[in-house]
Structure formats: structure tokens, C-alpha cells
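Here the structure comes first, spelled out in C-alpha cells, and everything after it is commentary.
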Amino acid sequence: MRQLLLLRHAKSSWDDPALSDHARPLNARGRRAAAAIAQAMRELGLTPDIVLVSSARRTLQTLEALTPFEDAALIEPMDALYLAPWRSLLAAIQAVPETARSLLLIGHNPGLHELALALAGAGGIIRGGPELQRLADGYPTGALAEFTIAGPWRLLEPGGGRLIRFIQPRDLLAADSTETIG
């Protein structure tokens, strides 16, 4: 079994209107959320072999909050992942070397959300447990979906993933704060 982790970048700042969308950094809330997701990943033992990350500043800063990983991961920033549609994200996953057992993709909505729904087979009526329903309801900034994949990366298709968990930063920070993160 292979592990696929889909992480939406943490909350970004809109404070500087002169910045391009690609150059927007994380805001304070995003940095806290990314740190909380990083801690949850460590506690759950979620350590990728390969990380594919959009070249946008906010995705790279989200990745920085996660590193270092317990085992050295190959990190590949990719311009093609910036605001990519779900089929392009799927194509990037299908190109991953078969030697990789765990892959983390850090990207953007709506493509990331649409990819997660496609992998879960949620192409119509949502069926499944509460995790799938939460995923169907939305993919907030900083959220992480964990899937198991039975076959090789190159053969991954819609419906080919089993959603294990869907973690939202607000779930992790609710115990530590009354502030809603998401």
C-alpha cells in the first residue's frame, strides 16, 4: 500500500496588494495552522518519501513549517502545480517513481479539493464515513487528507484512493485556543 498526503497551503496574507498572487506569504494564522499540521503529522508518523510542492510562496512556506522530516524526503518545487486543475495534479502524482511509498503534494484549491473528491470516488452522492463527508463539505486552508493507494502511482485513477483521515487546523487548535482556524 502507498500513502498519498494532500495538503492545501496554510492561510495566506492579502496585506500587500502590490504582491502577485504567486508571491503572497503566509499570515500569522497560517503559520500557526502550518505548525499545528506539522505536529499532527509527526504524531501520526506521516513522513513522505517525496514532496511535490507548488512554487508559490505560501506553499513553500507551508512546507518550511513541516520540515525537517524524520527521514530525508526528496522535495520538488513545481511551477506546474500552481493553481493546477485536479487532472494536472493527478498527472504529477502518476509520474512519481514507483519506489516512493509515501507522497506529499502541497497545492491549491479548487484543484486539490477536486482531486481529493475524485480519488475518494465522490463523483455524485457522498457515501462513506464522517471523514468523507467533512472532505465533501470543503477543503480549508491548511487541511490535510491522507489516502491509501493500492496500486502503482502510474495507474492511479479517480476512485483509486481510500480516505483514511481528513485533518483541519481548526480541529487541532480548538483545544489550545478559542480562535477558529481554517
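The values are calculated or read from the model by the stated rules, or taken from the named source; none is laboratory data. Note that the coordinates shown come from a computational prediction; the quantities given were computed from them, not determined experimentally. A quick note on method: Cβ atoms are made from the backbone with ideal geometry, for glycine too, and the neighbour counts reach across all protein chains shown.
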query = Can residue 57 be described as surrounded by fewer than 20 Cβ atoms within 10 Å (Cβ to Cβ) and farther than 22 Å from residue 10 by Cβ?
reply = no
ask   = Which one of 95, 143, 116 is surrounded by fewer than 19 Cβ atoms within 10 Å (Cβ to Cβ) and modelled with pLDDT of 95 or more?
value = 95
ask   = For segment 54-79, what are the residues that are part of a helix (DSSP H, G or I) and either hydrophobic (A, V, I, L, M, F, W, C) or at positive phi (or both)?
value = 60, 63, 65, 66
Within segment 87-119, tally of residues that are in a helix (DSSP H, G or I) and closer than 17 Å to residue 155 by Cβ = 10
message = One residue is enough: does segment 44-53 have a residue meeting the conditions touching a Pro at 6+ places or on another chain (Cβ under 6 Å) and either buried (at least 20 other Cβ atoms within 10 Å of the Cβ) or assigned to a helix (DSSP H, G or I) (or both)?
response = yes
Residue check for residue 76: more than 22 Å from residue 164 (Cα to Cα) and either out of contact with any helix residue (DSSP H, G or I) (no Cβ under 8 Å at 6 or more places or on another chain) or surrounded by fewer than 16 Cβ atoms within 10 Å (Cβ to Cβ) (or both) = yes
query = For segment 40-74, what are the residues that are under 18 Å from residue 140 (Cα atoms) and of a type in the set (S, T, N, Q)?
reply = 54, 59, 61, 62
